[in-house]
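Notes to accompany the following structure.
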Amino acid sequence: MTGLIILFLLVALLLVGMPVSIALGLTVLTFLFTMTNVPLDAIALKLFTGIEKFELMCIPFFVLAGMFMTHGGVAKRMIRFATAMTGHWPGGLALASVVACAIFAAVSGSSPATVVAIGAIMIPAMVAQGLPKPFAAGVVASGGVLG
């Protein structure tokens, strides 16, 4: 029964238009405050110890490094190199995206940073060339994961 209440509350918050992260948080907090006997001190302690993990700090810093490389011109030079290697083949811009993702991932070491940096440049270029936007996003996302 409680599972249905939680599901109903989550769906209701999402239908209202609330962002997913806030809807999940409010659903969990509502469940904890109304349907359990967990003390408030334990909830606050768990929240603060959950954000103390230094392993999770690498993700935003990798994305920041990717943005530095993008704005510094490194990403554009990698894309020009990848386009020179694969641009003459059919689907060359999509292939160049995958090659650029592989090179960028080797430099940055992070898939999210690769997708952010290469996707910001290559997705609009592929859409301007006439490729569908979901295809362009899929190519960059899979290229980031492969890298």
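Figure legend. Inter-residue proximity from region 73-94: first residues over 18 Å from V115 (Cβ atoms), second residues among the hydroxyl-bearing types (S, T, Y) and at pLDDT below 80, beta-carbon distance below 6 Å, spacing 6+ or different chains. Indicated pairs: G92/T86. Being under 18 Å from the mean Cα position of the chain (by Cα) and modelled with pLDDT of 80 or more holds for only one residue in V139, V63, and it is V139. Against the condition at negative phi, at pLDDT 80 or above, in the same structural domain as I79 (by TED's automatic domain parsing) and within 16 Å of the chain's Cα centre (by Cα), how does S110 come out, does it pass? No: the conditions fail for S110.
Residue-level check: of (1) closer than 30 Å to F104 by Cβ; (2) touching a helix residue (DSSP H, G or I) at 6+ places or on another chain (Cβ under 8 Å), G73 misses just (2). Do we find that A102 is in contact with a Ser or Thr (Cβ under 8 Å, 6 or more places away or on another chain), in contact (Cβ under 8 Å) with a residue 24 or more places away in the chain, surrounded by 13 or more Cβ atoms within 10 Å (Cβ to Cβ) and under 18 Å from S142 (Cβ atoms) in this structure? No.
Per-residue answers, yes or no, for (1) of a type outside the set (V, I, T); (2) closer than 30 Å to A12 by Cα; (3) in the same structural domain as P112 (by TED's automatic domain parsing):
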{"residue": "T27", "(1), (2), (3)": "no, yes, no"}
{"residue": "N37", "(1), (2), (3)": "yes, yes, no"}
{"residue": "L45", "(1), (2), (3)": "yes, yes, no"}
{"residue": "L64", "(1), (2), (3)": "yes, no, yes"}
{"residue": "M69", "(1), (2), (3)": "yes, no, yes"}
{"residue": "M78", "(1), (2), (3)": "yes, no, yes"}
{"residue": "T83", "(1), (2), (3)": "no, no, yes"}
{"residue": "G87", "(1), (2), (3)": "yes, no, yes"}
{"residue": "V99", "(1), (2), (3)": "no, no, yes"}
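The set of residues from region 15-31 being surrounded by 15 or more Cβ atoms within 10 Å (Cβ to Cβ) and either in contact (Cβ under 8 Å) with a residue 60 or more places away in the chain or part of a helix (DSSP H, G or I) (or both) comprises A23, T27, T30, F31. Considering the conditions (1) in contact with a helix residue (DSSP H, G or I) (Cβ under 9 Å, 6 or more places away or on another chain); (2) closer than 26 Å to V139 by Cα, T30 is excluded by exactly one of them, (2).
Please pick out the residue among I79, I121, I43 that is within 30 Å of I6 (Cα to Cα) and surrounded by 12 or more Cβ atoms within 10 Å (Cβ to Cβ). Answer to the check: I43.
The values are calculated or read from the model by the stated rules, or taken from the named source; none is laboratory data. Not measured: the values here are computed from a predicted model. Backbone-built Cβ (ideal geometry, glycine too); neighbour counts: all protein chains shown.
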